[in-house]
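Below is one structure, written out as structure tokens, with a few remarks after it.
The values are calculated or read from the model by the stated rules, or taken from the named source; none is laboratory data. Fair warning: this is a prediction, and the values are worked out from it, not measured in the lab. Here the Cβ positions follow ideal geometry from the backbone for every residue, glycine too, while neighbour counts run over all protein chains shown.
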Amino acid sequence: MSVPVLTFFNNKGGVGKTSLVYHLAWMLSDLGQRVLACDLDPQANLTAGFLDEARLQKLWERDNGLPESGQTIMQCVQPLTEVGDVRLPILERITPELSLIPGDLALAGFEDTLSTEWPAALGSSSLYRPFRILTAFSIVMQAGAKQMDASIILADVGPNFGAINRSALIATDHVVVPLGADLFSLQGLRNLGPTLNRWRLDWKQRKDNWAQPAFPLPSGRMQTIGYVVQQHGVRLNRPVKAYDQWVNRMPEEYARNLLGDHTGSYPPTPEQDAEHALATVKHYRSLVPMAQEARKPIFRLTTADGAIGSHAAAASDARHDFEVLAKKILERVKFCEG
Ligand SMILES: Nc1ncnc2c1ncn2[C@@H]1O[C@H](COP(=O)(O)OP(=O)(O)OP(=O)(O)O)[C@@H](O)[C@H]1O
Ligand SMILES: [Mg+2]
């Protein structure tokens, strides 16, 4: 049995994907889950959130040299760009219940290999290698999950529809869509829905082409389980009306573009869209740099980190909000996993 993979995806940049993965990884582990976080964005912001510079430098400057294991996602898939096979990950243990497969700026170099093998998986001979390459992220994440006996995998990806993200999504069971309250974010949904549909179908076509796979292939389910409204994307000098105007279009745009629901009847606000709106994430303002500095989630900030007075209250509110969101996500994942 594979471990469920949850990916936070929107091709619009800066909508809080990485921040959500980071905070939910901590929160889910606080709730008793065994969590593996995986950084599949070549910008590696998630990794920089978890690890300090000294550790990053060590990981990125040099491959561990072992033929069978890698310390970053790129070190794991790199042999596939030559003649080798996937290396299994050496996990970064953040806590006993939370580990990370570190990202790597060099991962961008894997994009071309993935693009080349995409059509090859539809060919009539030698299918092993194209499938090995296209499912490399899945193989690495599932192997990592097995090592730590993880109950859930959270993946962070960059804001684009490139071949790296296509492979990340092939490895994905459930998708959460973070949305900022602006035109770009909603416009992004119009591309996201059709792209996920196409990737699902294209992957199925490839799987069907390999009648007797030599190793387990991911289902490529990519089931969207809801959206998260991000308040932080809102520019402070913009009138409130504009914020409401965009936010209130989310239920319709999400239903139409991600669910193919063209009934014409949609909840007027995300608050009334309980089925699909998972949460509204507040703008945490000065708690954000404080948490980054302490290399902690906002809801773990203490007076020693500078969270005093209203900051302490906001950190405690954040704990409540993330707990509610994490529980909602878990419920949906469990429901979908049946
Ligand atoms: N709730 C929040 N309150 C305040 N600032 C936030 C919040 N969430 C994220 N941010 C800030 O907004 C910026 C973008 O967030 P983040 O990096 O999580 O977005 P992203 O969608 O992963 O971006 P990219 O598409 O570039 O990967 C970051 O500087 C982050 O610290
Ligand atoms: Mg990011």
- Would you pick out the residues in segment 1-35 that are within 13 Å of ligand 2 (Cβ to nearest atom), small (G, A, S) and either over 21 Å from L91 (Cα atoms) or part of a loop (DSSP other than H, G, I, E, B) (or both)? G13, G14, G16
- Condition check for D156: acidic (D, E), away from ligand 1 (no atom under 16 Å from the Cβ), buried (at least 17 other Cβ atoms within 10 Å of the Cβ) and touching a residue at least 24 places away in the same chain (Cβ under 8 Å): no
- Message: Among the residues of segment 55-72, are any touching a residue at least 40 places away in the same chain (Cβ under 8 Å), in a loop (DSSP other than H, G, I, E, B) and surrounded by fewer than 22 Cβ atoms within 10 Å (Cβ to Cβ)?
- Response: no
- Message: Checking S126 against (1) away from ligand 2 (no atom under 16 Å from the Cβ); (2) crowded, with 19+ Cβ neighbours inside 10 Å; (3) among the small types (G, A, S), only one condition comes out false. Which one?
- Response: (2)
- Kindly list the number of the only condition in (1) surrounded by 12 or more Cβ atoms within 10 Å (Cβ to Cβ); (2) part of a helix (DSSP H, G or I); (3) under 27 Å from the mean Cα position of the chain (by Cα) that fails for P289. (1)
- Query: Which one of these is at pLDDT 95 or above, at negative phi and under 19 Å from the mean Cα position of the chain (by Cα): L122, L51, L127?
  - Reply: L51
- Top-ranked residue in segment 288-325 [being within 16 Å of ligand 2 (Cβ to nearest atom) and among the aliphatic types (A, V, I, L, M); ranked as nearest to T95 (Cα to Cα)]: A291
- Query: Can E117 be described as over 20 Å from R62 (Cβ atoms) and at pLDDT 95 or above?
  - Reply: yes
- Of the residues G162, G109, G103, which is modelled with pLDDT of 95 or more, within 26 Å of L59 (Cβ to Cβ) and crowded, with 24+ Cβ neighbours inside 10 Å? G103
- Do the conditions hold for D85, that is, is it on the phi < 0 side of the Ramachandran plot, assigned to a loop (DSSP other than H, G, I, E, B), within 16 Å of ligand 1 (Cβ to nearest atom) and of a type in the set (D, E)? no
- Message: Quick check on segment 179-193. Is at least one of its residues among the hydroxyl-bearing types (S, T, Y), within 16 Å of ligand 2 (Cβ to nearest atom) and in contact (Cβ under 8 Å) with a residue 60 or more places away in the chain?
- Response: yes
- When G220 is evaluated against the numbered criteria (1) under 24 Å from G123 (Cβ atoms); (2) under 16 Å from the mean Cα position of the chain (by Cα); (3) surrounded by fewer than 19 Cβ atoms within 10 Å (Cβ to Cβ), which criterion, by number, is the only one it fails? (3)
- With (1) more than 16 Å from ligand 2 (Cβ to nearest atom); (2) free of Cβ contacts under 8 Å to residues at least 24 places away in the same chain as the list, and A48 as the residue in question, which single condition is left unmet? (1)
- Message: So, V77, is that one aliphatic (A, V, I, L, M), over 16 Å from M141 (Cα atoms) and either touching a residue at least 40 places away in the same chain (Cβ under 8 Å) or away from ligand 2 (no atom under 16 Å from the Cβ) (or both) or not?
- Response: no
- Task: Scan segment 46-82 for residues that are closer than 19 Å to A108 by Cβ and within 16 Å of ligand 1 (Cβ to nearest atom) and report the count.
- Result: 4
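Would you pick out the residues in segment 119-130 that are part of a helix (DSSP H, G or I) and under 17 Å from G84 (Cβ atoms)? Steps first, answer last, please.
Taking segment 119-130 and keeping what is part of a helix (DSSP H, G or I), we get 119-120, 128-130.
Once the filter is applied, which keeps residues that are part of a helix (DSSP H, G or I) and under 17 Å from G84 (Cβ atoms), segment 119-130 yields Y128, R129, P130.
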- Message: So, D39, is that one closer than 19 Å to P89 by Cβ, acidic (D, E) and within 12 Å of ligand 2 (Cβ to nearest atom) or not?
- Response: yes
